[in-house]
Amino acid sequence: MTNEWIDITQPLTKNIAEWPGDTPFSYEVAVSKEQSGSVNIGKLTMSTHIGTHTDAPFHYDNEGLRILDLPIDLYIGSACLIDVAGVDCVTRADLEHVNFEGAERILLRTGSHPTSTKFPERFTVIGEDVGPLLKERGVRLLGVDTPSVDAEDSKELLAHHSLYRNDVIIIENLVLHSLEPGQYELIALPLALAEADGSPVRAVVRKWES
C-alpha cells in the first residue's frame with residue numbers, strides 16, 4: 001500500500017489531439033510581465049471535451065444536467081480499476097464476474113488510446129447493456145482511457161444515453177496504462193463552469209486503504 005497520489009490526467013499541451021473537427025487546445029501569454037508591469041496573464045482556447053474531461057448529460061441531451069448540476073462527491077471516492085484490454089466493445093458479460101468491492105466509480109483500462117498526441121483510428125467502446133449492470137452495483141461514475149464511450153462515427157450515442165438513464169456520469173481520456181487493476185481512491189474534480197456541457201478534470205488516484 002502507498003499513499004502516493006498518481007496523476008492520471010492527459011496534460012493539455014499544444015500537441016494534444018482534439019476530437020476530429022473540434023476546437024484544438026492553445027495557450028498563450030496574452031499580456032506579458034513587461035507589458036503589464038507586474039504579471040504574465042495567460043489565455044486559453046479549447047473545447048470542453050479535450051484531454052481528460054467529464055461529460056455533463058447536456059452534452060448529448062438538451063434536457064440533461066449541466067456541470068454545476070452534478071454533485072461534487074460524484075468525483076471523489078472509491079474506484080475499481082478493471083483491465084479490459086483487447087476487447088472491442090465492453091459488455092455486461094465482460095464485467096459481471098468482477099467484484100467491484102462496493103466501489104461507486106469504475107475505471108476501465110482498454111489500452112486502445114496509447115498516446116494523447118494522436119487521435120486513435122479505432123478505440124474500445126462501451127456496450128448499451130453496461131449501464132444497467134453499473135446501476136445494479138451502485139456505480140455512479142464510469143471512467144475510460146478513450147476519447148468516448150461511443151464510436152467516433154456514432155450519432156445515436158447509445159452508451160452515453162444508457163449510462164445516463166442508469167444515473168452513471170462519464171469521465172473520458174484518463175491515463176491508466178501504468179496502474180494495476182484493483183481498488184483506488186479517486187479525485188477528479190471538474191471546473192465550476194456555469195451552463196457547461198463538460199469540463200476538463202485533474203484526475204488523481206492512490207491505492208485504496210480499507
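Throughout, read-outs are computed from the coordinates displayed, never taken from laboratory work. Small disclaimer: the values here were computed from a predicted structure and weren't measured. Here the Cβ is made from the backbone with ideal geometry for all residues, glycine too, and neighbour counts use every protein chain on show.
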Practice prompt. For Lys118, list the lysines whose Cα falls under 16 Å from its own Cα; do not include residues on the same chain fewer than 8 positions away.
Written response: Lys14
Item to complete: Identify which of the listed values of Rg and Dmax of the Cα atoms in Å was calculated from the structure shown: [x] 17.4, 62; [y] 20.9, 73; [z] 20.2, 64.
Response: [x]
Worksheet item: Leaving out same-chain residues fewer than 8 places away, which lysines sit with a Cα under 19 Å from that of Lys207?
Response: none
Worksheet item: In whole Hz, what ³J(HN,Hα) sequence does region 115-130 give by Karplus (6.51, -1.76, 1.60; θ = phi - 60°), x for Gly and Pro?
Response: 9, 7, 8, 9, 5, x, 5, 9, 8, 5, 10, 10, x, 5, 7, 6
Response to the item:
Across Ser26, Ser47, Ser112, the residue with the highest GNM fluctuation in the chain (Cα network, 10 Å cutoff) is Ser26
Worksheet item: Roughly what would the spin-label model give for Thr13 and Ser26, points 7 Å off Cα along C-beta, in nm?
Response: 1.9 nm
Worksheet item: Can you give me the Cα centroid spacing of region 1-67 and region 134-167 in angstrom?
Response: 22 Å
Worksheet, complete the sentence: Yeah, region 56-133 with a ≥ b ≥ c from its alpha-carbon gyration tensor (a/c under 1.5 is rounded, else prolate when a/b outruns b/c, oblate otherwise) is oblate
Item to complete: Give the peptides 68-80, 133-145 in descending order of average Cβ contacts within 10 Å, highest first.
Response: 133-145, 68-80
Worksheet item: Net charge near Glu18, counting Lys/Arg +1 and Asp/Glu -1 over other residues with Cβ under 14 Å of its Cβ?
Response: -1
Discussion item. Below 8 Å, C-alpha to C-alpha, sequence gap of six or more: please give me the relative contact order for the chain in percent.
Written reply: 30 percent
